[in-house]
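Written below as structure tokens is the structure these notes are about.
The values are calculated or read from the model by the stated rules, or taken from the named source; none is laboratory data. Keep in mind the model is a prediction, meaning the values are calculated, not measured. Note that we place each Cβ from the backbone using ideal geometry, even for glycine, and neighbour counts take in every protein chain shown. Keep in mind that these areas ignore ligands, DNA and RNA; they rest on the heavy atoms of the full protein, side chains included. Shrake-Rupley method; radii C 1.70, N 1.55, O 1.52, S 1.80 Å.
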Amino acid sequence: MELAVALALVFFCVLLLASAAIAVLLVRHCLAALRRPDADPEARPVVVMVPHHHQRPKYELAMSSEAPPPAPAANKEKKQAAPPRRLSWREVEALTGGFDEAAVVGRGGSSTVYLARLRDGAPVAVKVHRWCGGERRLRAFRQELDLLRRLRHPHIVALLAYSDDHEEGGALVLEYLAGGTLADRLHGVGAPLTWPQRMRIVHDVACALEHLHDAGAPPVVHGDVSASNVLLDGRGLGARLCDLGSACEGFSAAVAPTRAAVGSPGYADPFFLRTGIVSKKSDVYSFGVLLLEAVTGMPAAGDQHGTTENLAPRMLPRLRQQGVAGLVDGRLGDGYDHEEAGDVATIAVECLAAQPGLRPAMAQVRAAIAEKAARSIAKSDYYGHHHIQLSKLLELT
């Protein structure tokens, strides 16, 4: 009897030890997997060098070899965009050639933009942020990254990959648009944008802002709508809204005295500057300035003749008294629709109302532009990569 009890005890101890060993192995395996989020060799991005060419991307980002095949029951009518990939900081360094100055295509207050390309030849913009211990810069990067990871809209710049694991910086790999910024095209030395192109662009931006304000919960206030934050493609000059680092989320109006979301010079909502209250109507005001800029061809802050007064306060009294006559960009000559110009200027005046409560919502603004400028928008070469019919455009209103 005693022998049987002893054998049972030995067997129980062996079983207990074996179970403990198995548990230790499982814990070690889980911890190793957590330390290596990109351990899957099929999903890990690979960075390689490519030869340099003038005005062409110098470095290449090769994503995973092939996208996984769709499931048999997948809905083929709607293509799901691939989620952005997470890169290591070492991969960002390789992608930018060690942050090669020859690949720089733009600079901001705390960021530098480098030109690279995907393995299939598509160019990308690598926006590298440096916060150097600045909490506000880090917060702006995190805000933009979080929003771009969730937002998908044809007129908001798309996030393809990102890096957020470095102590002193982060990176966003964005779609590259070869047409430059709206500010460059309105105020640069090249050929002026045509009236249909301008109407197409402002309608695209209105669509993007309507999506930010109304498409999801919570709503998003862009906080820095300006011609410099509108990127244009190199074909039909379709527009993408960019730079969400000043965005505010989760309210329709809130006091934000410490936020940097004051807008760019000439575009900032005077009501916000006086009270610290930012809302969706702050974006509406900035968009009204953008409309005036598209109609007149004059910059939002001052003009080419050294005038220090901003565009909106300078133009509003004249528009209210005499309408748009004599204020349309002279470079257009007679190549614009006079009725449309007057209607669009009227929409701009409504957006620039002193009290936010008197300004229309972006959905109303977008619908009004689609209706009043429908003929010109339909004339633009492309609309979402297809010719747009007047009847289809009016259905959006």
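The table that follows gives values for the structure above.
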| read-out | value |
| --- | --- |
| Subset of segment 305-353 (residues that are open to solvent by 70 Å² or more (accessible area, probe 1.4 Å), touching a residue at least 40 places away in the same chain (Cβ under 8 Å) and not acidic (Asp, Glu)) | 331 |
| Test: residue 107 is open to solvent by 20 Å² or more (accessible area, probe 1.4 Å) and either over 25 Å from residue 180 (Cβ atoms) or hydroxyl-bearing (Ser, Thr, Tyr) (or both) | no |
| Residues of segment 179-222 classified as in contact with a strand residue (DSSP E or B) (Cβ under 7 Å, 6 or more places away or on another chain), under 19 Å from residue 366 (Cβ atoms) and either among the β-branched types (Val, Ile, Thr) or assigned to a strand (DSSP E or B) (or both), total | 4 |
| Unique residue being among the hydrophobic types (A, V, I, L, M, F, W, C), within 27 Å of residue 297 (Cα to Cα) and modelled with pLDDT of 95 or more when the list is 186, 174, 159 | 186 |
| Condition broken by residue 167, with the remaining ones in (1) in contact (Cβ under 8 Å) with a residue 12 or more places away in the chain; (2) open to solvent by 40 Å² or more (accessible area, probe 1.4 Å); (3) more than 16 Å from the chain's Cα centre (by Cα) satisfied | (1) |
